[in-house]
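Data first, discussion second: the structure below is written as C-alpha cells.
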Amino acid sequence: MDKINRNLRQQANKRPEDLTVKILQTHKIEKAMTTIHRNRKWANGIFLAPMAWARYEYALRDCLDTVAIPTIEVFLADQYESEEDKVMSILSAVCMDSMSGHPLSIFTDALDRLVNHLTE
C-alpha cells in the first residue's frame, strides 16, 4: 500500500491544480465513515476501494449520500478482487463513477477522473 500511496501523492503533486490528498487505510467501517463526515466541508471529492463494503455496508451508502461529495468507487483488477463486489455494488447509486484496474494505476486514474470532473 505504501507504493500505491507514494505513487498517488507524486501524481497529485505533478498536476497543475493545487491538490491536497488525504489517504485513509482502514478495515473499520466506523473509522471510514467518521473520516468522511469530519472532512465533508473540506473535501471536494472522494475515491474509495470499498471491496466487500460495496455489497454489505448500507451505512456507508447512506454516509456518501448524505455528504453529497463526488465519489468514485475503485475496484482492483480481477486477480485482486471479486467480480461480485463490482457487479453487486450498493454504492454505485450514490457514486459518480466506478472504475476498475491494476492497483498501481487505478488510483491515479481515479484521481484524474475526479479532478477532471471538478474542473469541468
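Restricting attention to region 14-36, the residues that are under 23 Å from residue 99 (Cα atoms) and part of a helix (DSSP H, G or I) total 6. Being part of a loop (DSSP other than H, G, I, E, B), surrounded by 12 or more Cβ atoms within 10 Å (Cβ to Cβ), touching a strand residue (DSSP E or B) at 6+ places or on another chain (Cβ under 9 Å) and among the small types (Gly, Ala, Ser) is a property that residue 100 lacks.
Among the residues here, residue 25 qualifies as free of Cβ contacts under 8 Å to residues at least 60 places away in the same chain and out of contact with any strand residue (DSSP E or B) (no Cβ under 6 Å at 6 or more places or on another chain). State all residues of region 60-91 that are in a helix (DSSP H, G or I) and either crowded, with 16+ Cβ neighbours inside 10 Å or modelled with pLDDT under 95 (or both); if no residue qualifies, say none. Once the filter is applied, which keeps residues that are in a helix (DSSP H, G or I) and either crowded, with 16+ Cβ neighbours inside 10 Å or modelled with pLDDT under 95 (or both), region 60-91 yields 60, 61, 63, 64, 67, 83, 84, 85, 86, 87. Residues of region 46-59 that are at pLDDT below 95 and part of a loop (DSSP other than H, G, I, E, B): 49, 50, 51, 52.
The values are calculated or read from the model by the stated rules, or taken from the named source; none is laboratory data. Keep in mind the model is a prediction, meaning the values are calculated, not measured. Glycine also receives a Cβ, built like all others from the backbone with ideal geometry; neighbour counts cover every protein chain displayed.
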